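The values are calculated or read from the model by the stated rules, or taken from the named source; none is laboratory data. The shown structure was predicted, so the numbers you read here are calculated from the model rather than taken from an experiment. FYI the Cβ positions are ideal-geometry reconstructions off the backbone, even for glycines, and counts take in every protein chain you see.
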Amino acid sequence: MTAKKKSKKKKERKRKVCKIYLFRHGGTKYNEKKIFTGWKDSKLSALGIKHAKTLAKKLKNKRIDVAFRTRLSRSRDTLKEVLKYHPECRAIIQDDRMIERSYGRLQGMSHRKFIEKYGKEKFDIYHRSYDVAPPGGESIKMVEKRVRSFIKDLLRFIKRERVNVAISAHGNSMRPFRRYFEGFSIKKMMKIENPWDDYFEYSVKC
């Protein structure tokens, strides 16, 4: 065996698989009341705290070296429950490229009130359309652009640092994550509902 081949085999042996643990924050008070939340900082509800605790137990035996969250308290407080079991986590990084979709001027309005005023058809368009943004807000297409930017930097970070990461994300920012890692079509991505109390695991060669 040549020295070049030996070196290649040695590098291959040193490679390992790093993990991404992606999850949604627990349910909030606005979620319970069916209010457009977006960038409003709605706190976890009592049930949402239970969601976070359930999630934390499911992740208890995983290794988490670095964790990512957004500025919103529901992302932070869910992650806080998860990290109670992970003293090995050496850094928590805030990155708002994976923050929830902005609903613009609809934020703080109940779904019921919107439907009464504008109709169910318009509600469905703003709520589940890929490329139509609510007034002053973001479409999922716009969210996907910033999430993809985050993913690109995240993968570089994981490969460079060779770490497992936890990501405390949001319902709508998780859609592009899952589309990227699971190969969903736009149509399928828009139909998925992400759980409050479970996680998705992805492997990265590092």
* So which of Ser168, Ser203, Ser173 is surrounded by fewer than 16 Cβ atoms within 10 Å (Cβ to Cβ), in contact (Cβ under 8 Å) with a residue 24 or more places away in the chain and outside any loop (DSSP other than H, G, I, E, B)? -> Ser203
* Asked: Are there any pairs with C-beta distances below 9 angstrom linking a residue in segment 176-198 that is closer than 17 Å to Ser129 by Cα and among the basic types (Lys, Arg) to a residue that is part of a helix (DSSP H, G or I) and modelled with pLDDT under 95, with the two at least 6 apart or on different chains, and if so which?
  -> Lys191/Arg128
* The lone exception for Gly48 - which of (1) outside any loop (DSSP other than H, G, I, E, B); (2) over 17 Å from Tyr199 (Cα atoms) it fails -> (2)
* To do: Please determine, by comparing only the residues of segment 96-105 that are out of contact with any strand residue (DSSP E or B) (no Cβ under 9 Å at 6 or more places or on another chain) and either among the β-branched types (Val, Ile, Thr) or part of a loop (DSSP other than H, G, I, E, B) (or both), which one is surrounded by the fewest Cβ atoms within 10 Å (Cβ to Cβ).
  => Ser102
* Restricting attention to segment 106-130, report how many residues are in contact (Cβ under 8 Å) with a residue 24 or more places away in the chain, surrounded by 13 or more Cβ atoms within 10 Å (Cβ to Cβ) and farther than 18 Å from Pro176 by Cβ. => 7
* Asked: Restricting the first residue to segment 80-95 and requiring it to be crowded, with 16+ Cβ neighbours inside 10 Å, which pairs with a second residue that is of a type in the set (Phe, Trp, Tyr) meet a Cβ separation below 8 Å and a spacing of at least six or different chains?
  -> Val82/Phe23; Asp95/Phe68; Asp95/Phe150
* Output the residue which, of all residues in segment 195-206 that are modelled with pLDDT of 95 or more and in contact with a helix residue (DSSP H, G or I) (Cβ under 6 Å, 6 or more places away or on another chain), is nearest to Arg160 (Cα to Cα). => Val204
* **Residues (hydrophobic (A, V, I, L, M, F, W, C) and either in contact (Cβ under 8 Å) with a residue 40 or more places away in the chain or touching a strand residue (DSSP E or B) at 6+ places or on another chain (Cβ under 6 Å) (or both)) located in segment 131-141** => Ile140
